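Below is one structure; the comments refer to it alone.
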Amino acid sequence: MARIRVKAGDIHILISSVCVSITMANRMIYFTLGLFLLICCYSDRVMAGDPDPLQDFCVADEESNVLVNAFVCKDPMQVSANDFFFRGLGQAGNTDNDVGSNVTMANVKQIPGLNTFGISLVRIDYAVGGINPPHTHPRATEVLVLLEGQLLVGFIDTSNKFFSKALEKGDVFVFPKALVHFQQNVGHENAVAIAGLSSQFPGVQTIANSLFAANPPLPDSVLSKAFRITQELENYIQKKLAY
Ligand SMILES: *[C@@H]1O[C@H](CO)[C@@H](O)[C@H](O)[C@H]1NC(C)=O
């Protein structure tokens, strides 16, 4: 299928200007064509993750001062196997913290060779009862495989429908791009999972922290009104989440 990258607005203008100057009979044909173009355009968008690379590789040059979308490419002559390598997911993260979980990342920051490839990994360790609290990845779909233990996982869609599953060792679960999701260790031993993400740098926003531990803090009136809670309760939550 031909992929023409046009903004939705461009197509709309095209369809409207074409439609004005044509006969009734032709209108149906142009309308169908327009609809087809729109569907192509949108299905392309739906499939799109990070942009595709235009060369074999573009290892991130973190020394460069040039700011572009993603990272500037390191001189290919200076690239070595180490740029594509990371020894770090074999070690458990320390879960001795308030939430009882620890995410070890393997994205473009740890592996410069991931630049422009639209893919990355994380290892997540969970103490008994530990939670990877509700959060979103603005740029990535996530597919998680449970290696050890038992997890309760779930996500919430944009109509607030909750999708949840209890995972056993070897089970896989998908968290759709940008939707709020979590995992909790509901077993009697430590749990560990590996997840792949459809972005070289997925980003993460943990909902409670974004709202109650923002810097500078959100105005009291915003949070107490939004959550229908008293100012005292709001201050209590803010203190709990402050680092
Ligand atoms: C996660 O584990 C690493 C390695 O043990 C540790 O340095 C880091 O502080 C831990 N992070 C949290 C949030 O506990």
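The values are calculated or read from the model by the stated rules, or taken from the named source; none is laboratory data. For clarity, every value in this text was computed on a predicted model and none was experimentally measured. Because the Cβ atoms are built from the backbone with ideal geometry, glycine has one as well, and the counts that use them run over all protein chains shown.
Just a few scattered comments:
- Residue match in the stretch 121-133 (condition: touching a strand residue (DSSP E or B) at 6+ places or on another chain (Cβ under 7 Å), away from the ligand (no atom under 16 Å from the Cβ) and closer than 30 Å to F84 by Cβ): no
- Any hit, the stretch 57-76, residues being within 16 Å of the ligand (Cβ to nearest atom) and either part of a loop (DSSP other than H, G, I, E, B) or surrounded by fewer than 18 Cβ atoms within 10 Å (Cβ to Cβ) (or both): no
- V145 touching a residue at least 24 places away in the same chain (Cβ under 8 Å), within 16 Å of the ligand (Cβ to nearest atom), surrounded by fewer than 18 Cβ atoms within 10 Å (Cβ to Cβ) and in a strand (DSSP E or B): no
- Residue within the stretch 80-94 that is small (G, A, S) and either crowded, with 20+ Cβ neighbours inside 10 Å or closer than 21 Å to G187 by Cβ (or both) present: yes
- Filter result (over 19 Å from H137 (Cβ atoms) and not in a loop (DSSP other than H, G, I, E, B)) within the stretch 156-166: A166
- Taking (1) under 24 Å from F212 (Cβ atoms); (2) aromatic (F, W, Y); (3) away from the ligand (no atom under 16 Å from the Cβ) in turn, F84 satisfies each apart from (1).
- Taking residues in the stretch 82-104 that are on the phi > 0 side of the Ramachandran plot, and partners anywhere that are hydrophobic (A, V, I, L, M, F, W, C) and in a loop (DSSP other than H, G, I, E, B), the pairs with Cβ atoms closer than 7 Å and at least 6 places apart or on different chains are G100/A127.
- Some residue of the stretch 91-114 being under 30 Å from N160 (Cβ atoms), away from the ligand (no atom under 15 Å from the Cβ), assigned by TED's automatic domain parsing to the domain that holds G154 and at pLDDT 95 or above: yes
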